[in-house]
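S.K.: Could you have a look at this structure, given as structure tokens, before my questions?
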Amino acid sequence: MASALRNVVIVGAGGNLGSHVLQAFLASDAFNVTVLSRESSASVFPDGLPVIRSDYSPESLVSAFQGQDAVISVVGRGGYAHQQKLVDAALAAGVKRFIPAEFEGKKAKVDYLREREDRMSWTTVITGAFFDYALKIGFLGFDLQSREATIYDEGVTPASVSTLPQIGRALVAILQNAEATKNQYVYVESFTVTQNDVLQALETATDEKWKVDHVDLQPLIKESTERFNNGDLAGARILNLAAGLAKFPDGPYGDWSRVPGGSWNVRLGLEKEELDQVVRSLISDDAGAAGRM
């Protein structure tokens, strides 16, 4: 069945997440895809793909969004402040659906969209941590190079997480289920895991016993909150981690089985991934990259 939101423009398609989102949409025959990119961007896109270069002026954005059914923003953190400009241009151009980039359900952005949902619908996608990216950079407490793990508390709190390719597939499924996902928080995942699950998968994939350091999270939350409140953005790392593979004092927030309505994977026809398979692939890629250095 053809999507009611067929003409789709992706903003930020040259980025780390954006490239996976673009790939997912290009793999589907349900959409006409256009990319919006800054005039100054050096990103290169596939031959034949419509690319609009914009200076991000209101006039340029409105022109770029003319005839588009949906705008998907996957801009990086540096572009979050400009999303209201994107929303306003989409409204002026008659766009039907807007999906903002902040995959954590930031309230201010959702409130701005909700106040205008009589003119343009929205969907906010909640993905949990970007599992593959976060694992590679050590955000989740695992160092792939040294084979060392930092396990917070007992490492048994479940958290729902998503890989970058899975997020791309989820966005395709969301627009293919346009009515069901209209003006909704949509929770998607690759799988729900604990730190101990990830450690076991890593030890299996590397065929090594990892060095493990157990850390009490609560003092770190207190310290990080103070640092963050004093303007030290580095403190946000532990706070974000606490909302994912760890826990705040009043319980876990990152397990989609605990949120109203639960995960949308089944409703969207979005299959979960296998933790062991994803981890094996990441370890293989990491080893390959190290061998090319």
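S.K.: Take the residues in segment 151-166 that are buried (at least 24 other Cβ atoms within 10 Å of the Cβ) and within 19 Å of residue 259 (Cα to Cα); name whichever of them is modelled with the highest pLDDT.
M.R.: In this case the residue turns out to be 162.
S.K.: Now for a separate question. Hey, can you tell me all the residues within segment 107-121 that are among the small types (Gly, Ala, Ser) and over 15 Å from residue 91 (Cα atoms)? Can you show your working first?
M.R.: Taking segment 107-121 first, the residues among the small types (Gly, Ala, Ser) are 108, 121.
Correct list: 108 only.
S.K.: Which of (1) open to solvent by less than 20 Å² (accessible area, probe 1.4 Å); (2) in the same structural domain as residue 275 (by the TED database); (3) not acidic (Asp, Glu) is the odd one out, the single condition residue 222 does not satisfy?
M.R.: Just one mismatch for residue 222, condition (1).
S.K.: Right, here's the next one. Listed residues 26, 61; which is open to solvent by less than 30 Å² (accessible area, probe 1.4 Å) and either within 26 Å of residue 127 (Cβ to Cβ) or among the acidic types (Asp, Glu) (or both)?
M.R.: Values: 26 fails: open to solvent by less than 30 Å² (accessible area, probe 1.4 Å).
After ruling out the rest, the residue left standing is 61.
S.K.: Could you please find all residues in segment 148-171 being among the small types (Gly, Ala, Ser) and within 11 Å of the chain's Cα centre (by Cα)? Give the derivation first.
M.R.: So the first thing to find is which residues in segment 148-171 are among the small types (Gly, Ala, Ser), and the list is 149, 155, 159-160, 162, 168, 170.
If the condition is that a residue be among the small types (Gly, Ala, Ser) and within 11 Å of the chain's Cα centre (by Cα), then 162, 168, 170 are the ones that fit.
S.K.: Further question: Considering only segment 105-132, how many residues are within 11 Å of the chain's Cα centre (by Cα) and surrounded by fewer than 16 Cβ atoms within 10 Å (Cβ to Cβ)?
M.R.: 1
S.K.: Go through (1) among the small types (Gly, Ala, Ser); (2) on the phi > 0 side of the Ramachandran plot; (3) crowded, with 17+ Cβ neighbours inside 10 Å and name the single condition residue 54 misses.
M.R.: The single condition residue 54 does not satisfy is (2).
S.K.: Residues that are hydroxyl-bearing (Ser, Thr, Tyr), within 30 Å of residue 123 (Cα to Cα) and out of contact with any strand residue (DSSP E or B) (no Cβ under 9 Å at 6 or more places or on another chain), at least 1 per element: which strands (runs of 3 or more DSSP E) completely within segment 134-211 meet that? Working first, answer last.
M.R.: On the way: elements: 148-152, 159-161, 184-187, 191-193.
The strands (runs of 3 or more DSSP E) meeting that bar number zero.
The values are calculated or read from the model by the stated rules, or taken from the named source; none is laboratory data. Only a predicted model underlies this, so the values are computations on that prediction, with no experimental measurement involved. For neighbour counting, all protein chains shown are included, and Cβ atoms are generated from backbone atoms with ideal geometry for every residue, glycine included. Note: accessible area is taken over every heavy atom of the protein model, side chains too, but ligands, DNA and RNA are not part of it. Shrake-Rupley method; radii C 1.70, N 1.55, O 1.52, S 1.80 Å.
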